[in-house]
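S.K.: Here it is: the structure, laid out below.
The values are calculated or read from the model by the stated rules, or taken from the named source; none is laboratory data. Not measured: the values here are computed from a predicted model. Glycine also receives a Cβ, built like all others from the backbone with ideal geometry; neighbour counts cover every protein chain displayed. These area figures cover heavy atoms from the full protein model, side chains too; ligands, DNA and RNA do not enter into them. Shrake-Rupley method; radii C 1.70, N 1.55, O 1.52, S 1.80 Å.
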Amino acid sequence: MGSRFNQRDQKRKVNKIYNIAITIVSILIVIVAVTIFLSDDGTESKKTTTEPKQIAEEKGKVVDKPAGKEEETDSEKVEAEEDSKATEEDEEDSKATEEDEEDSKATEEDTEEKAEDGSDPEKAGDAELVEVEGSGDGNVAATYTSEGWKPVGTEQSGEHTTSFEKGSVDWNEMSKAIANGAGIDEGSMMLWWLQNGGSPNTAIGTVSEGDNPKTFRVHIEWVDGSGWKPVKVEELKSNDKR
């Protein structure tokens, strides 16, 4: 009876040991499985974490532009600079042209002013004047003569007779020679006085131009076959024939 009890007790202990061993083995299996699972999950997580980083790095990289595009951009810049330079040159040319036009206009105005004054002190018509010593007349400001004066031509033939009849051929030809000597336009010339110059073939005319107060006393002489010619011009201080 006691031996049977002991056998059962021993069998119970063996079974308990087996159960404990099985439990331990089961626990070890579970631990190993969990460890493997966690290890695989960590690898996948690391891989997943690395891929976005790589993508981010790729996005952060500077994308190289095609060489042709850069060359095209540089070419456009050069063209823009050339256009700007050309525009500036055009503006400078336009400004220079305007200045030239202004200078030309000023020159024309000076010429017109001299024409209005009656005569350039050094030039009458196309003849260069030379100032000479005067006659001593107190009303004479300056006296001029010129080798460039020529006879004005004539319609008369035969022996010449000086005529002071206003409107006659001789009168008109004397008027033309006087205007030529004074260097003013005959159409705007005011003939204040015309008289004999001391001999049959000489005459003296006192003239001015329009409303210009500058007055000239012009001495002329007759050249046979060629007409009247200026020989001396006196610029007067005042019009003594007004």
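S.K.: Quick check, is Glu186 farther than 21 Å from Leu129 by Cβ and under 56 Å from the mean Cα position of the chain (by Cα)?
M.R.: no
S.K.: Continuing with this model, one more query. Among the strands (runs of 3 or more DSSP E) confined wholly to region 180-236, which include 1 or more residues that are open to solvent by less than 60 Å² (accessible area, probe 1.4 Å), β-branched (Val, Ile, Thr) and touching a residue at least 12 places away in the same chain (Cβ under 8 Å)?
M.R.: 202-209, 215-223, 227-236
S.K.: Of the residues in region 166-179, how many are open to solvent by 60 Å² or more (accessible area, probe 1.4 Å) and either part of a helix (DSSP H, G or I) or among the hydroxyl-bearing types (Ser, Thr, Tyr) (or both)?
M.R.: The number of residues fulfilling the criteria is 3.
S.K.: Taking the conditions exactly as written (open to solvent by less than 80 Å² (accessible area, probe 1.4 Å), closer than 30 Å to Thr206 by Cα and modelled with pLDDT under 95), does Gly125 satisfy them or not?
M.R.: yes
S.K.: Related question: Kindly check whether there is at least one residue in region 164-171 that is among the aliphatic types (A, V, I, L, M) and within 21 Å of Leu129 (Cβ to Cβ).
M.R.: Checked against the condition, which is being among the aliphatic types (A, V, I, L, M) and within 21 Å of Leu129 (Cβ to Cβ), region 164-171 yields no hits at all.
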